[in-house]
1. Being closer than 13 Å to B:Ala150 by Cα and either more than 11 Å from every other protein chain (Cβ to nearest Cβ) or acidic (Asp, Glu) (or both) is the filter here, so list the residues in the range A:259-280 that pass it.
2. Output the residue which, of all residues in the range A:144-159 that are free of Cβ contacts under 8 Å to residues at least 40 places away in the same chain, open to solvent by less than 30 Å² (accessible area, probe 1.4 Å) and in a helix (DSSP H, G or I), is farthest from the other protein chains (Cβ to nearest Cβ).
3. Filter the range B:123-167 for residues that are away from every other protein chain (no Cβ under 13 Å) and either more than 23 Å from the chain's Cα centre (by Cα) or under 20 Å from B:Leu221 (Cα atoms) (or both) and give the result.
4. Return yes when B:Phe248 is within 14 Å of another protein chain (Cβ to nearest Cβ), buried (at least 23 other Cβ atoms within 10 Å of the Cβ), among the hydrophobic types (A, V, I, L, M, F, W, C) and without any contact (Cβ under 8 Å) to a residue 24 or more places away in the chain and no when it is not.
5. Just to be sure I understand, how many residues within the range B:43-57 are loosely packed, with under 15 Cβ neighbours inside 10 Å and assigned to a loop (DSSP other than H, G, I, E, B)?
6. Return yes when B:Ser238 is hydroxyl-bearing (Ser, Thr, Tyr), within 10 Å of chain A (Cβ to nearest Cβ), touching a Phe, Trp or Tyr at 6+ places or on another chain (Cβ under 8 Å) and buried (at least 19 other Cβ atoms within 10 Å of the Cβ) and no when it is not.
7. Determine, yes or no, whether B:Ala231 is assigned to a helix (DSSP H, G or I), more than 20 Å from B:Asp57 (Cα to Cα) and open to solvent by less than 30 Å² (accessible area, probe 1.4 Å).
8. Answer yes or no: is there a residue in the range B:193-201 that is farther than 27 Å from B:Ala103 by Cβ and in contact with a Ser or Thr (Cβ under 8 Å, 6 or more places away or on another chain).
Amino acid sequence: MFRYIAGRLLESIVVLLVVSFAVYGLIGLMPGDPIDLMVQGDPNLTPEDAKRLKALYGLDQPIIDRYLAWLGNAAQGDFGYSRNHGQPVLDVIGSRIGNTIFLLGISLILSLAIAIPIGIYAALRPYSPLDYAINMFCFAGISIPPFWLALLLIILFSVTLGWLPAGGMATVGASGLLDRLEHAVLPVAALTIASVGSFTRFMRASMIQTLRQDYIRTARAKGVSTTRMVTHHALQNALIPLVTVIALSFGTLFSGALITETMFSWLGMGKMIYDAILGNDYNLALVGLMIATVLTLAGNFLADIGYVWLDPRVTIASRADKR
Amino acid sequence: MTTVTDTPPPSPPQSNARRMARRFRRHRLALGSLVVLILLALLSLGAPLIEALLGIDAETTNLFQRFQPPSAAHPLGTDEAGRDVLARLLHGGRVSLAVAMVAALCSAIIGTLIGLFAGYHGGWADTLLMRFTDGVIALPLLPLLIVLAAIDLNKLGLPESITQSEDVSLYRIVVIIALFGWTTVARLVRAETLSLKQREFVRAAVAQGARPGRIMRTHILPNAISPIIVATTLSVGSIILFESVLSFLGLGIQPPVASWGNMLTNAQDLIWDAPLLAVWPGLLIFVTVIAFNFLGDGLQDAMDPRAVD
């Protein structure tokens, strides 16, 4: 077990290094150049000044040297300054990450609270009209463009009905929990609708698989009621694949957060990364993308470990072979 | 020479195909989706014809006719520049569908090649390629697509004839989606290849001295085609979603070329004046994506060799 975990950890670190280098290189290819932007902003700067500034910041060095210098600083906890926020990168992230965790956490809990019972219900009556209806809704949730869903929610609940704010974190001047919660309703709804469909489908498929097992047939033969059969015999085993799916969906959740936060002007990590990429805020974009990668890698890692941990029938060796 | 290698597969192909067709027809949603998709494709392809018939076109702007409600002249009204919404939707459909299908096809080809190679050769090539695949799967897709869509092509040293061309945004989207989209097919094809290369008919071909390329082409690939078709069909839906979100953010298909995504770019600012403008393009994206997903689901059921009738 230890060897396996250590191996996976090492692998993740290698992936992270490769990604950080690739992203570092790609960010350099974005339109504009930090020094050019500075020169444009200040008419007193001459081309000679620009050249000296480039040398000062090391921008005349080959990319690999610049990357190694960045990596060296990063390893010591220095991720540089955010150009657009005028703050150290870590401070900007610190002020944003809580909002994203809040948004993603609530919508994850909500979508599981909907998906698990509905998935079980559909699995108990496979191919019934209601199962078809549930399936239709799942496909609809998976297929709806997330930004369009956000637009529709805004048009319906903010423009037409006027019930909820169209975006932002809080009304200017107003304070209090209720106001904050009002602003969270639509983004949470958008994220939940987008993720509940695939969770429900996984729950249904995994429950159907579990209900086919011999031990369930034995329990049934002994006269166990349907409710007890689900809650005491099937549910634990049926949840195992769902746990894996949730861990594997970290990356997708993050993509969802990017769109939803941007649409609703929610000041979280997703909007921060998007604004940083478009606003030439290199340091911030780089670290933001790194965090997104770490989250995805951690999700994959947890999925593999969790599978072995939760299901004694699966061994590390069989898991490693499958990959 | 080919008498042994050409022994028919376990079940005769024709009855197999017929069985698949029968199972597919039973999947009503998939069948309906296929009809919807064919209709959408015909309408998009026939865009010039429909424009000529209705006397509308996608490009003409008319600032005196902005935000017109649906009328005989403009069946779905006009947008913020006075352009006909229906004509733009049809043209947008051409672009969105074509880009998604080409990108899906490119991803499938790359994935098939990588999967075949890794599965057939095994050893270090397999380990290396599959670790690489795992790495690509672990990437945060949307933020990276945004970075790739935003990079300055001039800084890549591409000739100006490419970077200045009007269609460059189309090619760019296809390329960046294909760069990340091949992983599912690669994994499926590798798994299929690993099991197929142990089968008697492949070993017989090896024993006869057939070259690896020929074995992969004529013996393994045809038998691994079902999962490729299913995965590719399902991927078209998600590619349309990615293309639309990038175009919506202003990073994908660039105006004046219309796509369903970029028709929504201004919609958020106009929700108070013309909320209907936000409805049509999104609805078409939604219908197309759900149709591709149902179609893929139906094909999966139909092509599953373990399914019972």
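The values are calculated or read from the model by the stated rules, or taken from the named source; none is laboratory data. Note that the structure is a prediction, hence the values are computed from the model and not measured. Reconstructed Cβ throughout: ideal geometry from the backbone, glycine too, with neighbour counts over all protein chains shown. In case anyone asks, the SASA skips ligands and DNA or RNA and just uses the protein heavy atoms, side chains included. Shrake-Rupley method; radii C 1.70, N 1.55, O 1.52, S 1.80 Å.
1. A:Asp275, the sole residue that qualifies.
2. Step one: filter the range A:144-159 for residues free of Cβ contacts under 8 Å to residues at least 40 places away in the same chain, giving A:145, A:148, A:152-153, A:155-159.
Within this subset, residues satisfying the condition of being open to solvent by less than 30 Å² (accessible area, probe 1.4 Å) are A:145, A:148, A:153, A:155, A:158.
Still in the list and also in a helix (DSSP H, G or I): A:148, A:153, A:155, A:158.
On the way: A:Trp148: 3, A:Leu153: 11, A:Ile155: 5, A:Ser158: 8 Å.
My answer is A:Leu153.
3. Matches in the range B:123-167: B:Gly123, B:Trp124, B:Ala125, B:Pro159, B:Glu160, B:Ser161, B:Ile162, B:Gln164, B:Ser165.
4. Spelling it out, B:Phe248 is indeed within 14 Å of another protein chain (Cβ to nearest Cβ), buried (at least 23 other Cβ atoms within 10 Å of the Cβ), among the hydrophobic types (A, V, I, L, M, F, W, C) and without any contact (Cβ under 8 Å) to a residue 24 or more places away in the chain.
5. Count: 2.
6. On the way: hydroxyl-bearing (Ser, Thr, Tyr): yes; within 10 Å of chain A (Cβ to nearest Cβ): yes; touching a Phe, Trp or Tyr at 6+ places or on another chain (Cβ under 8 Å): no; buried (at least 19 other Cβ atoms within 10 Å of the Cβ): yes.
No.
7. yes
8. Yes, there is a match, as at least one residue in the range B:193-201 is farther than 27 Å from B:Ala103 by Cβ and in contact with a Ser or Thr (Cβ under 8 Å, 6 or more places away or on another chain).
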